[in-house]
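S.K.: Below you will find the structure I want to go over with you.
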Amino acid sequence: MSVSTTAHRITVPDIQARKGGVPVVCLTAYTTPMARLLDDHVDLLLVGDSLAMVVYGFDSTLAVTLDMMIAHGAAVVRGTKKACVIVDMPFGTYQESPQLAFRNAARVMAETGCGGVKVEGGAEMAETIHFLTGRGVPVFGHVGLMPQSVHTVGGYRARGRKNQDAAAILADARAVAEAGAFALVIESTMEPLARRITKAVPIPTIGIGASAACDGQILVTDDLLGLFPDFTPKFVKRYAELGRVVEKAAESYADEVRRRRFPGPDQVFGAKPAKRR
Ligand code: KIV
């Protein structure tokens, strides 16, 4: 089903108004060509700090810098006309104080032209989210599994199995919404918890491994395209196997170069036409 008849760029208030309506379609993008391919099909593109792992080969998202996020954020904005583009704030650029978060978020907004930023965290980030949203920086929240906290929680396990953990995540979601976030990523949580959060907060919940109970969905694009073979989480559905397509193309190219089949007459300037027999 396509619901995209929008001529203008989708705004943060447009996304916020989708609470309880047609599910919000979100994907990640890190480059201009990929953003161009996705733009017509999504409502929101997230320049996720997952690019640390997907593009740069780091083993967590912690290594990404503000300058990297700004370069990729600007590339994605250049590749889009329609999607609302949100850029992740990297680890260490917003947790220290609301003032530091504002200085760094303002750079992201000004230097990329994006529509807002995403920050991970619950109640402990509420003051910062309030500070940012009150000063012109729309904030996309992120609760549940938070990859920037991988070292404090000890891995990438799904969250909210135990009542106490589920209650804490629900309280976090409420705090983030009350602080002024326009939408909320819920990552890797049990289905009943995602359902409860979605009912409890007045902003759209965007699930990744959090079930269809959410108001929208997001996946890492390279996962759904089969381009990131290192690890496929349970919640990913692979809609294509482009990794295999790339390997096949490289294999055919290598074979043709070695057998002097490439370049052929069509790819050569001023080649003599082949003699007719
Ligand atoms: O960094 C990212 O790509 C994300 C999404 C997985 C939500 O935070």
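The values are calculated or read from the model by the stated rules, or taken from the named source; none is laboratory data. Keep in mind the model is a prediction, meaning the values are calculated, not measured. We place every Cβ from the backbone using ideal geometry, glycine too, and count neighbours over all the protein chains shown. The area values use the complete protein model at the heavy-atom level, side chains included, leaving out ligands, DNA and RNA. Shrake-Rupley method; radii C 1.70, N 1.55, O 1.52, S 1.80 Å.
S.K.: Mind telling me which of the residues Thr152, Thr133 ends up being closer than 24 Å to Leu51 by Cα and either open to solvent by 20 Å² or more (accessible area, probe 1.4 Å) or away from the ligand (no atom under 14 Å from the Cβ) (or both)?
M.R.: Thr152
S.K.: Evaluate the following for Tyr30: is it in contact with a Leu (Cβ under 9 Å, 6 or more places away or on another chain) and either more than 27 Å from Ala177 (Cβ to Cβ) or open to solvent by 30 Å² or more (accessible area, probe 1.4 Å) (or both)?
M.R.: yes
S.K.: Anything in segment 157-180 that is of a type in the set (A, V, I, L, M) and under 30 Å from Arg238 (Cα atoms)? List them, or say none.
M.R.: Ala158, Ala166, Ile169, Leu170, Ala173, listed by residue number.
S.K.: Shifting gears a bit: Kindly provide the set of residues from segment 189-217 that are within 11 Å of the ligand (Cβ to nearest atom) and either within 19 Å of His130 (Cα to Cα) or open to solvent by 10 Å² or more (accessible area, probe 1.4 Å) (or both), ordered by number.
M.R.: Ile208, Gly209, Gln217
S.K.: For segment 95-134, give me the residue count where each residue is small (Gly, Ala, Ser) and closer than 20 Å to Cys84 by Cβ.
M.R.: 6
S.K.: To continue, here is another question. Helices (runs of 4 or more DSSP H) wholly in segment 110-208 with at least 1 residues that are in contact (Cβ under 8 Å) with a residue 60 or more places away in the chain and not polar (S, T, N, Q) - which ones?
M.R.: 150-153
S.K.: From (1) within 15 Å of the ligand (Cβ to nearest atom); (2) over 23 Å from Tyr30 (Cβ atoms); (3) of a type in the set (A, V, I, L, M, F, W, C), pick out the condition that doesn't hold for Leu227.
M.R.: Here Leu227 meets the rest and fails (2).
S.K.: Among what's in segment 221-274 and is among the basic types (Lys, Arg) and farther than 30 Å from Arg157 by Cβ, pick the residue that is modelled with the lowest pLDDT.
M.R.: Selected residue: Lys272.
S.K.: Now a separate question. Considering only segment 80-92, how many residues are farther than 12 Å from Val42 by Cβ and crowded, with 20+ Cβ neighbours inside 10 Å?
M.R.: Qualifying residue count, segment 80-92: 5.
S.K.: Name the single residue, out of those in segment 248-265 being open to solvent by 100 Å² or more (accessible area, probe 1.4 Å) and assigned to a loop (DSSP other than H, G, I, E, B), that is farthest from the ligand (Cβ to nearest atom).
M.R.: In this case the residue turns out to be Arg260.
S.K.: Considering only residues that are open to solvent by 30 Å² or more (accessible area, probe 1.4 Å) and either within 11 Å of the ligand (Cβ to nearest atom) or touching a Ser or Thr at 6+ places or on another chain (Cβ under 9 Å) (or both), which ones fall in segment 235-247?
M.R.: The answer is Phe235, Arg238.
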